[in-house]
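First the structure, in the form of structure tokens, and then the observations on it.
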Amino acid sequence: MATNLLIDDKLLLQAQKLGGHRTKRATVNEALAEYVRRRQQLKIFEIAGTIDYDPKYNYKKQRSRR
């Protein structure tokens, strides 16, 4: 999808050099992918401490072969 965006040239160039990307397009795509991954990771923190677990559960028992 073609999209016209007004992006800070200095910031884009800096990101391109840091990422080692050859094109602006590759730089922007990688930045977007990294942004999405980071936001998904942050969602994990939202559920931290909300999951109940059984303190008597023996995870080592599940590892043993029968």
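The values are calculated or read from the model by the stated rules, or taken from the named source; none is laboratory data. What you see is a predicted model; the values in this text were computed from it and never measured. Methodologically, a virtual Cβ is constructed for each residue, glycine included, from the backbone with ideal geometry; neighbour enumeration extends over all protein chains shown. To get the accessible areas, we keep the full protein, side chains included, count just its heavy atoms, and leave off ligands, DNA and RNA. Shrake-Rupley method; radii C 1.70, N 1.55, O 1.52, S 1.80 Å.
The residues packed around Ala33, meaning those with a beta-carbon under 13 Å from its beta-carbon, carry a net charge of +2 if Lys and Arg are +1 and Asp and Glu are -1. Across all Cα atoms of the chain, the radius of gyration (one decimal) and Dmax (whole number) stand at 21.5, 62 Å. Give the angle, between 0 and 90 degrees and rounded to the nearest 10, that separates the Cα long axis of helix 24-47 from the longest principal axis of the Cα atoms of the chain. Relative to the chain, helix 24-47 is tipped by roughly 30 degrees.
Rounded to the nearest 10 degrees, the inclination of helix 9-19 to the longest alpha-carbon principal axis of the chain is 50 degrees.
For segment 52-63, putting each phi into the Karplus relation 6.51 cos²θ - 1.76 cosθ + 1.60 with θ = phi - 60° gives couplings of 7, 9, 8, x, 8, 5, 9, 5, 5, 4, 5, 7 Hz, in residue order, rounded to whole numbers and with x for Gly and Pro.
Net charge near Asp9, counting Lys/Arg +1 and Asp/Glu -1 over other residues with Cβ under 13 Å of its Cβ? Summing Lys and Arg as +1 and Asp and Glu as -1 gives +2.
Springs between Cα atoms under 10 Å define the GNM used for the chain, and in it the highest mean-square fluctuation of Lys17, Lys43, Lys56 occurs at Lys56.
Computed with a 1.4 Å probe over protein heavy atoms only, the accessible surface of the chain comes to 109 Å² per residue. GNM on the chain, C-alpha springs below 10 Å: top fluctuator among Ala31, Ala15, Ala48? Sorting by GNM fluctuation, first place goes to Ala48.
Here the chain has 54 percent of its accessible surface on carbon and sulfur atoms, given a 1.4 Å probe and all protein chains in place.
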